[in-house]
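Below is one structure, written out as structure tokens, with a few remarks after it.
Each value in this text was obtained by applying a stated rule to the coordinates, not by laboratory testing. Everything numeric in this text was worked out from a predicted model, so none of it was measured. A quick note on method: Cβ atoms are made from the backbone with ideal geometry, for glycine too, and the neighbour counts reach across all protein chains shown.
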Amino acid sequence: MTDDKVSMFLATNGKFFPANQLLNIKDKLSQADESKLMVVMASDFKDPLTLLIVSIFLGSLGIDRFMLGDVGMGLLKLFTWGLCGVLTIIDWITIQDKCKQKNLQTLMMVL
């Protein structure tokens, strides 16, 4: 992949990934071929800010965990009202990092 395309991808999608992994992502994308670029461009990355907002308003129902694909924790939060609010508060603090890690896993599976 050309450096221009890699830079463009990182400029538009950098907020979806952990900041400490951006150089690693840049290296992997630079080594990838055109077909993988198309798959990466078509991949659906979750927005960490959207998940934080969902977590604040619907976190006790586990909706944030369902959106991340973590069905087990989503069900636990749903049936226990976020473990009486404790897990909900923890998720308010950590949901953005979890979202970025999930996006990174999705990207690395493609590459």
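Only one entry of Lys28, Lys98, Lys77 meets the criterion of being within 19 Å of Leu111 (Cβ to Cβ) and surrounded by 13 or more Cβ atoms within 10 Å (Cβ to Cβ), and that entry is Lys28. Filtering region 47-70 to residues that are touching a residue at least 24 places away in the same chain (Cβ under 8 Å), of a type outside the set (Asp, Glu) and buried (at least 17 other Cβ atoms within 10 Å of the Cβ) leaves Pro48, Leu51, Leu52, Ser55, Gly59, Ser60, Arg65, Leu68.
Does region 80-90 include one or more residues that are within 16 Å of the chain's Cα centre (by Cα) and without any contact (Cβ under 8 Å) to a residue 12 or more places away in the chain? No; the residues of region 80-90 include none that is within 16 Å of the chain's Cα centre (by Cα) and without any contact (Cβ under 8 Å) to a residue 12 or more places away in the chain.
From the set of residues in region 1-23 that are assigned to a loop (DSSP other than H, G, I, E, B) and out of contact with any Lys or Arg (no Cβ under 6 Å at 6 or more places or on another chain), which is nearest to Phe79 (Cα to Cα)? Spell out the reasoning first.
Kept after step one, since they are assigned to a loop (DSSP other than H, G, I, E, B), are these residues of region 1-23: 1-2, 17-18.
Retained after the next criterion (residues that are out of contact with any Lys or Arg (no Cβ under 6 Å at 6 or more places or on another chain)): 1-2.
On the way: Met1: 47, Thr2: 49 Å.
Among those residues, the one meeting the criterion is Met1.
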